[in-house]
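Student: My questions will all concern the structure given below.
The values are calculated or read from the model by the stated rules, or taken from the named source; none is laboratory data. All values reported here derive from a predicted model rather than from experimental measurement. Methodologically, a virtual Cβ is constructed for each residue, glycine included, from the backbone with ideal geometry; neighbour enumeration extends over all protein chains shown. Keep in mind that these areas ignore ligands, DNA and RNA; they rest on the heavy atoms of the full protein, side chains included. Shrake-Rupley method; radii C 1.70, N 1.55, O 1.52, S 1.80 Å.
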Protein chains: 4
Amino acid sequence: MTMTDATTARLLVTCPDKPGIISAVSTFLFNHGANITDFDQHSSDALGGTFFLRLEFQTPDLDCSRDALRNNFASRVAEPYGMQWQISYASEKKRMAVLVSKHDHVLMDLLWRTSRGDMPAVIPLVISNHDDLREEVERFGIEYHHIPVTADNKAEAEAEALRLLEGRVDVIVLARYMQILSPEFVSHYPHRVINIHHSFLPAFVGANPYQQAHDKGVKLIGATSHYVTADLDQGPIIEQNVQRVSHRHSADELKALGQDVERQVMLRAVRWHLEDRVIVDGNKTVVFVK
Amino acid sequence: MTMTDATTARLLVTCPDKPGIISAVSTFLFNHGANITDFDQHSSDALGGTFFLRLEFQTPDLDCSRDALRNNFASRVAEPYGMQWQISYASEKKRMAVLVSKHDHVLMDLLWRTSRGDMPAVIPLVISNHDDLREEVERFGIEYHHIPVTADNKAEAEAEALRLLEGRVDVIVLARYMQILSPEFVSHYPHRVINIHHSFLPAFVGANPYQQAHDKGVKLIGATSHYVTADLDQGPIIEQNVQRVSHRHSADELKALGQDVERQVMLRAVRWHLEDRVIVDGNKTVVFVK
Amino acid sequence: MTMTDATTARLLVTCPDKPGIISAVSTFLFNHGANITDFDQHSSDALGGTFFLRLEFQTPDLDCSRDALRNNFASRVAEPYGMQWQISYASEKKRMAVLVSKHDHVLMDLLWRTSRGDMPAVIPLVISNHDDLREEVERFGIEYHHIPVTADNKAEAEAEALRLLEGRVDVIVLARYMQILSPEFVSHYPHRVINIHHSFLPAFVGANPYQQAHDKGVKLIGATSHYVTADLDQGPIIEQNVQRVSHRHSADELKALGQDVERQVMLRAVRWHLEDRVIVDGNKTVVFVK
Amino acid sequence: MTMTDATTARLLVTCPDKPGIISAVSTFLFNHGANITDFDQHSSDALGGTFFLRLEFQTPDLDCSRDALRNNFASRVAEPYGMQWQISYASEKKRMAVLVSKHDHVLMDLLWRTSRGDMPAVIPLVISNHDDLREEVERFGIEYHHIPVTADNKAEAEAEALRLLEGRVDVIVLARYMQILSPEFVSHYPHRVINIHHSFLPAFVGANPYQQAHDKGVKLIGATSHYVTADLDQGPIIEQNVQRVSHRHSADELKALGQDVERQVMLRAVRWHLEDRVIVDGNKTVVFVK
């Protein structure tokens, strides 16, 4: 952990825009001994829009406990302005579960980077509807739970997963998990389930997008990472990217190239979520990137 | 005109794949004194696929006239292998008509680059359903024809355009022409009408894609250039590109950024067509890029 | 001019970092009736670094004149914190001179976009050491001054240019101006002369970088836009970009492709300067991009 | 192994350009029952240049042994035209040694992809001047040789490495190997040692390029993969790429982002070498990419 991680806190705010918010927030923090070192704010309209804020502050000279800071911020600042907000600390890494089926390309990169300290998370468990990747996961000292899913047992399978996850994770990453989660499941983790869709949404919704891309002769293939909502493949987009391809690539080669884009897009989306850079705004996101 | 343009010819071939085609083509050219300086070939499958070829050859030592070369190639090589083919000469610039409505950003770049010799074409005329851009076009010494289009006169308007174009153009560029061409019109110029669609197809088909992109919160916007077929916005894709955007961009700003992508994509597609780099393969294209 | 342009003001601040700056700035603006709608701040270090800020605020409810706002900000906020700062208004477009030699590709795009309202500037004059581009420039209703430069008259030529520019411009763009400006000239417009270097700096400093790139067989060519300082081609970098190339491109073709990158890079750098998005920090820049 | 890999052979040719080469090559292959399915040829000049060719052919109907094909091609085609050439078979994967120090990010990706069949190579051994990565490598069932290198034993260390490599490898990848190989060592593997340089060459030659990039405030960082020659960091470039960065990134973060670019660039360069897509032309390369 670097000095910076040890002392850095982050505040996210969404609220109706009106004059005085920045003054209120920054004066509150100043009065409690916090030094703001990065401040990124955006209003969706000049008048009557929504106010979005992400800031980082340094905590060595805080004059109160973390609990007191939260309570005071809630009553003095958040409540008067009708804020949705959260304060988090870089030193408290988020707990991340990974759900996976058989494709390991995204999973392995997540495990590998997390184990190296290259991704600010801890992974308490991996859940899969297949047993294939157990050895790869357990080698990292991480629990692997095999929960088979069939047409008949889907509700029970989700219930079992929810029991395993309960109280143990802050975010769930679907690293090519080939089962559709029920709205009921998703409702337990609103805007905290991240999916990678193997296509440049809104194009090619549905199965086998690389074959669709090949049949259509597109010159770029893409991938999209988004939060999961009750509406399949339609949740708020966090990140997208593309890769140039040509007529020389077979559908299989598009798939292989696409997997590299999927991995890259997923890594960015997960990293931004872990660093509290993403605010959901209806069916869209505000992402405060570096 | 450079030495190269003065001496360079190009051969495009599509035919069922079988052994011996390259040998037949290259031996024919060698025997007639042509020197092949760029040869790009692709078969869609190892067995039983389609054979696509683009090659450039140098003509200073040709032992026969251009007509004789065509006739001999047709009988000795093209016919036995069932080829679709064309030979063209870099020194014979293609004649390009531009159809436009009121947006001038693509048109101006085409006029400007063509006038500088930066785009290998001559533009005999521009046709528009509005009179707004007349002065801009005529300043380049190019005919400007205003053909108003209404719900009632569409057939007559297209007939007038066809009369103006007849025998005078090799390719038609729709530089944001906001009228839908009838299948009848398009049938006169198969795979020779190039459109720019202001979206990353197949996403956001239809009107006002930038507003759609803004509403959806996409992180990349794109543009697609394609040949026009009877099926609107669905012809073979020639080129696509994207531009990264963020929540800070309004729908208007997405439109402005998108216009730069449109222009860039259109310029590449038109250039590749003019340099005989595009072969249509059903609803797809093979593009032999540099 | 949009509603937004009519009401938007911008504040840029650089100062030694310490707690309380954001509170002081935002409270000052709030107290004067300004509504902050975009706020982007960065500190170069968690402790003891430099504080950089760009913010936009809306002015309809300002309770004082622009002069009073400046004077009060200077005494109440800027002086206590040792700030370098500026307030500007989107409705007051910056005045931009263009210096050019014979290459017109960057110049034309600047003229064209400015005349369309696509670039927030006014261009009072263009100065060139050649007379070639006079007609193109004057057609836009812009003064064109031909000041020949020789080995002998360089000092006089610069003096004449300075007289023409004096009091009439806020920023000077070197749109492929092939003369080296003296440190004396540059000292009149510190961090207000923008150059485009036809290479990905720090590579290929000096003459004919495209031939150098071709000889070296690079796979990407680039361009760099930077502020001009006394140290040639070494001023603070504002923007860079690259374009993929291959062995099939001749040095001339690299040059043509490179000119498109140059134009794109220059347009972004100039736009960012015009929108007050660039703060110079020693030999580097902080660019608050959208 | 796919059907295609089982039947695909590749021919690479470099020779002085003259008419008739393609005819001679393709007719030879046709006469021996080979079907050409991909043919990519380039001449460096219209007249008097160098001829470069990569082609793929299918072997099921070859009428002679591989040895006979080589011998006949040598005498009938290669010798008359003064060709440098090679025939290889996709089913004969190249043997690749990896030299590494302590950074594992490139190594791990090579091991992982090779073990999955995603990179067409076999890795008989890894050599390192440190013992740190032994466990990671041996887990893949690959020999790990620790050969410490000091100022005093460099010649002996290289001799030991050469003994280990002799007859066992076709290509050597320096996956962030922090020792400079002697010209003597390199001379055993001409154009078969691939290095990744953590910078966009020719910029920032030398140590700690990410700190240099940070100090200079560049807006893009890059990486370069090249063949190693006696001239350090100056061998023929195979591939380069860049990543956009900003003032918000510390030198450490530039390094982390740069490592992703390094890995991506190295993977492409190695893949292209393994697929016989690279021909060295003096101090440059011709790369026949998909």
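Student: Can you tell me how many residues in region B:58-110 are in a strand (DSSP E or B) and among the aliphatic types (A, V, I, L, M)? Let's see the steps before the verdict.
Tutor: Our first condition is that a residue be in a strand (DSSP E or B); within region B:58-110, this holds for B:58, B:84-89, B:94-100.
Now drop any that are not among the aliphatic types (A, V, I, L, M), which leaves B:87, B:96-100.
Final tally of qualifying residues: 6.
Student: Are any of the residues in region D:108-120 among the aromatic types (Phe, Trp, Tyr) and farther than 30 Å from D:GLU262 by Cβ? Give the derivation first.
Tutor: The initial filter retains those residues of region D:108-120 that are among the aromatic types (Phe, Trp, Tyr), namely D:112.
Filter again for farther than 30 Å from D:GLU262 by Cβ, leaving none.
There is no residue in region D:108-120 that is among the aromatic types (Phe, Trp, Tyr) and farther than 30 Å from D:GLU262 by Cβ.
Student: I've got another one for you. Scan region C:46-79 residue by residue and report those that are out of contact with any strand residue (DSSP E or B) (no Cβ under 8 Å at 6 or more places or on another chain) and of a type outside the set (Gly, Ala, Ser).
Tutor: Listed by number, the residues that qualify are C:PRO60, C:LEU62, C:ASP63, C:CYS64, C:ASP67, C:ASN71, C:ASN72, C:ARG76, C:VAL77, C:GLU79.
Student: For region C:222-246, how many residues are within 22 Å of the chain's Cα centre (by Cα), hydrophobic (A, V, I, L, M, F, W, C) and under 27 Å from D:LYS284 (Cα atoms)?
Tutor: Of the residues in that region, 2 qualify.
Student: Take the residues in region B:46-103 that are acidic (Asp, Glu) and within 14 Å of chain D (Cβ to nearest Cβ), then tell me which one is nearest to D:PHE51 (Cα to Cα). Walk me through how you get there before you give the answer.
Tutor: The first filter runs over region B:46-103 and keeps only residues acidic (Asp, Glu), leaving B:56, B:61, B:63, B:67, B:79, B:92.
Now narrow it down to the ones that are within 14 Å of chain D (Cβ to nearest Cβ): B:56, B:61, B:63.
Details: B:GLU56: 13, B:ASP61: 19, B:ASP63: 23 Å.
Checked region B:46-103; the qualifying residue nearest to D:PHE51 (Cα to Cα) is B:GLU56.
Student: When the residues of region C:1-23 are narrowed to those that are open to solvent by 30 Å² or more (accessible area, probe 1.4 Å) and in a helix (DSSP H, G or I), which ends up modelled with the lowest pLDDT?
Tutor: Restricting to residues being open to solvent by 30 Å² or more (accessible area, probe 1.4 Å) and in a helix (DSSP H, G or I), the top hit is C:MET3.
Student: When you scan region A:19-33, how many residues do you find that are aromatic (Phe, Trp, Tyr) and free of Cβ contacts under 8 Å to residues at least 12 places away in the same chain? Break it down stepwise before answering.
Tutor: Keep residues of region A:19-33 that are aromatic (Phe, Trp, Tyr), which gives A:28, A:30.
Narrowing further to those that are free of Cβ contacts under 8 Å to residues at least 12 places away in the same chain: A:30.
Number of matching residues: 1.
Student: Could you grab me the full set of residues in region A:261-290 that are touching a residue at least 60 places away in the same chain (Cβ under 8 Å) and assigned to a helix (DSSP H, G or I)?
Tutor: A:GLU262, A:ARG263, A:VAL265, A:MET266, A:LEU267, A:ALA269, A:VAL270, A:ARG271, A:HIS273, A:LEU274 - these are the residues of region A:261-290 that are touching a residue at least 60 places away in the same chain (Cβ under 8 Å) and assigned to a helix (DSSP H, G or I).
Student: A further question on this structure: Can you tell me which of (1) more than 27 Å from the chain's Cα centre (by Cα); (2) at pLDDT below 95 is the one C:ASN72 doesn't meet?
Tutor: Going through the list (1) more than 27 Å from the chain's Cα centre (by Cα); (2) at pLDDT below 95, C:ASN72 breaks only (2).
Student: I've got another one for you. Testing B:ALA269 on (1) within 17 Å of B:LYS94 (Cβ to Cβ); (2) more than 11 Å from chain A (Cβ to nearest Cβ), one condition comes back false. Which one is that?
Tutor: Condition not satisfied by B:ALA269: (2).
Student: While we're looking at this one, here's another question. Is it the case that some residue within region C:71-88 is basic (Lys, Arg) and without any contact (Cβ under 8 Å) to a residue 60 or more places away in the chain?
Tutor: Yes, region C:71-88 contains at least one residue that is basic (Lys, Arg) and without any contact (Cβ under 8 Å) to a residue 60 or more places away in the chain.
Student: Hey, any hits in region C:180-188 for a residue that's farther than 30 Å from D:VAL242 by Cβ, touching a Pro at 6+ places or on another chain (Cβ under 7 Å) and open to solvent by 30 Å² or more (accessible area, probe 1.4 Å)?
Tutor: Within region C:180-188, the first condition is being farther than 30 Å from D:VAL242 by Cβ, and the residues that meet it are C:182-185, C:187-188.
Of the ones still in play, those that are also touching a Pro at 6+ places or on another chain (Cβ under 7 Å) are none.
No: region C:180-188 contains no residue that is farther than 30 Å from D:VAL242 by Cβ, touching a Pro at 6+ places or on another chain (Cβ under 7 Å) and open to solvent by 30 Å² or more (accessible area, probe 1.4 Å).
Student: Quickly run through region A:13-30 and pick out the residues that are more than 7 Å from chain C (Cβ to nearest Cβ) and either under 20 Å from A:PRO60 (Cα atoms) or of a type in the set (Lys, Arg) (or both). Talk me through it step by step, then tell me what you get.
Tutor: Within region A:13-30, the subset more than 7 Å from chain C (Cβ to nearest Cβ) is A:13-18, A:21, A:24-25, A:28-29.
A:LYS18, A:VAL25, A:PHE28, A:LEU29, listed by residue number.
Student: Can I ask one more? Considering region C:243-290 alone, what residues qualify as being closer than 30 Å to C:GLY49 by Cβ, open to solvent by 30 Å² or more (accessible area, probe 1.4 Å) and of a type outside the set (Phe, Trp, Tyr)? Even if it seems obvious, please write down each step before you answer.
Tutor: Taking region C:243-290 and keeping what is closer than 30 Å to C:GLY49 by Cβ, we get C:265, C:268-290.
Going one step further and asking which of them are open to solvent by 30 Å² or more (accessible area, probe 1.4 Å), we end up with C:268, C:271-272, C:275, C:280-284, C:289-290.
Listed by number, the residues that qualify are C:ARG268, C:ARG271, C:GLU275, C:VAL280, C:ASP281, C:GLY282, C:ASN283, C:LYS284, C:VAL289, C:LYS290.
Student: Of all residues in region A:32-45, count the ones that are surrounded by fewer than 20 Cβ atoms within 10 Å (Cβ to Cβ) and either facing another protein chain (nearest Cβ under 8 Å) or modelled with pLDDT under 95 (or both). Even if it seems obvious, please write down each step before you answer.
Tutor: In the first step, residues of region A:32-45 are kept if they are surrounded by fewer than 20 Cβ atoms within 10 Å (Cβ to Cβ); the result is A:32-33, A:38, A:44-45.
Subset that is either facing another protein chain (nearest Cβ under 8 Å) or modelled with pLDDT under 95 (or both): A:33, A:38, A:44-45.
Here the count works out to 4.
Student: Also, quick follow-up: Within region B:215-234, take every residue that is more than 8 Å from chain A (Cβ to nearest Cβ) and among the small types (Gly, Ala, Ser) and give me the one that is most open to solvent (accessible area, probe 1.4 Å).
Tutor: Result: B:ALA230.
Student: Filter region A:81-120 down to residues that are among the small types (Gly, Ala, Ser) and buried (at least 20 other Cβ atoms within 10 Å of the Cβ) and give me whichever is modelled with the lowest pLDDT.
Tutor: Residues of region A:81-120 that are among the small types (Gly, Ala, Ser), as a first pass: A:82, A:88, A:90-91, A:97, A:101, A:115, A:117.
Okay, now just the ones that are also buried (at least 20 other Cβ atoms within 10 Å of the Cβ), so A:90, A:97.
Details: A:ALA90: 95, A:ALA97: 98.
Going through the qualifying residues, I end up with A:ALA90.
Student: A further question on this structure: In region B:129-163, what residues are touching a residue at least 40 places away in the same chain (Cβ under 8 Å) and either under 20 Å from the mean Cα position of the chain (by Cα) or not in a loop (DSSP other than H, G, I, E, B) (or both)? Working first, answer last.
Tutor: In the first step, residues of region B:129-163 are kept if they are touching a residue at least 40 places away in the same chain (Cβ under 8 Å); the result is B:129, B:161.
Across region B:129-163, the qualifying residue is only B:ALA161.
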